[in-house]
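The values are calculated or read from the model by the stated rules, or taken from the named source; none is laboratory data. Remember, it's a predicted structure, so these values are computed and weren't measured experimentally. Because the Cβ atoms are built from the backbone with ideal geometry, glycine has one as well, and the counts that use them run over all protein chains shown. For accessibility, only protein heavy atoms count, side chains too; no ligands or nucleic acids. Shrake-Rupley method; radii C 1.70, N 1.55, O 1.52, S 1.80 Å.
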Amino acid sequence: MIYHRDIRIEFNHCDPAGIVFYPRYFEMTNSVVENFFAEVVGRSYARISMQDRNGVPTVTIDAPF
């Protein structure tokens, strides 16, 4: 399965050199996951996490620079 979502890079995502500040990538990744659940699975991420008391675990995430 392929899921695609465009995210517009805004000025506030970047450092003074115009490079996306790396913690923003984690925010964008989380946004894609939340929208995947809403659009493909048919259940909001908030409902799965808060109401159903389930979760989607992140095993490893790393951003070496």
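Summary table
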{"read-out": "Rough spin-label spacing in nm, given labels placed 7 Å along Cα→Cβ, for residue 28 and residue 56", "value": "1.8"}
{"read-out": "Computed accessible area, residue 15, all protein chains, 1.4 angstrom probe, square angstrom", "value": "60"}
{"read-out": "Cα long-axis angle, helix 22-36 against the chain (0 to 90 degrees, to the nearest 10)", "value": "30"}
{"read-out": "Most mobile of 36, 11, 26 in a GNM of the chain (Cα contacts under 10 Å)", "value": "11"}
{"read-out": "Top of 17, 46, 38 by mean-square fluctuation, Gaussian network on the chain, Cα under 10 Å", "value": "17"}
{"read-out": "With every protein chain in place, the chain: carbon and sulfur % of accessible area (1.4 Å)", "value": "55"}
{"read-out": "Net lengthening on full extension, residue 38/residue 3 (0.36 nm per residue, minus Cα-Cα)", "value": "11.4 nm"}
{"read-out": "Size-normalised alpha-carbon gyration radius of the chain, reference 2.2 N^0.38 Å", "value": "1.32"}
{"read-out": "Cα-centre dipole for the chain with unit charges at Cβ (Lys and Arg positive, Asp and Glu negative), debye to 20", "value": "220"}
